[in-house]
1. So what are the ³J(HN,Hα) numbers for region 66-83, from phi and the Karplus equation (6.51, -1.76, 1.60; θ = phi - 60°), rounded to whole Hz, Gly and Pro as x?
2. Report the FRET efficiency, 1/(1 + (r/R0)^6), for residue 36 and residue 58, where r is their Cβ-Cβ distance and R0 is 30 Å, rounded to 0.05.
3. What's the exposure ranking of 29, 74, going from fewest to most Cβ atoms within 10 Å?
4. Amide H to amide H under 5 Å from residue 33: which residues, 5+ apart in sequence or cross-chain, H placed 1.01 Å off N in plane?
5. Long-range amide H contacts for residue 90: which residues qualify at under 5 Å (H placed 1.01 Å from N, peptide plane, sequence gap of 5 or more or a different chain)?
6. Return 75, 55, 10 ranked ascending by Cβ neighbour count within 10 Å, so the fewest neighbours appear first.
7. Run the simple label-point estimate for residue 47 and residue 97 please: 7 Å along Cα→C-beta, distance reported in nm.
Amino acid sequence: MMGNNLTKNRVSNGNTVVIYLQNPREKVWGQLCDITSAGVSVNGIDLNAFEDWMRSLMTGESGIGLTASFIPMWRVERIILDRAVAGVPGLEDQVINRTGLSLSQLINQADSFFNESAEASDFDEHQN
């Protein structure tokens, strides 16, 4: 039973995480895509922009979004799982409560939109 609990609490690809960075000091929230000795790949957003991003999701505004980023390991101070603590919901819990969608669903939705836009753009270019 204890081993299962340790596995559940392990930082791994696909987890929603907060990454603490140095030089300059920043925090990035998002979905961990990959972690290697060279660095961390994440699809996320600067934690300072989280509330603005949430507002843009709720109002349908564009301009603020998640970005796929590679962060060199020398900048990574620590990585923590985004979880509820002492009854305070985690950031992804807040996203789900406000939008009804998980971070993975929002990423997939954005990817679908981007792919459809790119295909439409390719179609327009071939028409001219």
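Computed from the coordinates by the stated procedures, all read-outs in this text should not be read as laboratory data. This structure is a prediction, so every number in the text was calculated from the model and none was measured. Cβ: placed from backbone, ideal geometry, glycine included. Neighbour counts: every protein chain shown.
1. Calculated HN-Hα couplings, in order: 6, 10, 7, 9, 10, 10, x, 4, 5, 8, 7, 8, 6, 10, 10, 6, 7, 9 Hz.
2. Details: r = 35 Å, r/R0 = 1.18.
Working from the Cβ atoms, E equals 0.25.
3. Working: 29 24, 74 10.
Ranking 29, 74 by Cβ neighbours within 10 Å, fewest first, gives 74, 29.
4. Hits under the 5 Å cutoff: 14, 41, 42, 43.
5. Amide H to amide H, under 5 Å and 5 or more residues apart or across chains, residue 90 pairs with 84, 85.
6. On the way: 75 17, 55 12, 10 8.
Lowest count first: 10, 55, 75.
7. Rounded to a tenth, the inter-label distance reads 1.8 nm.
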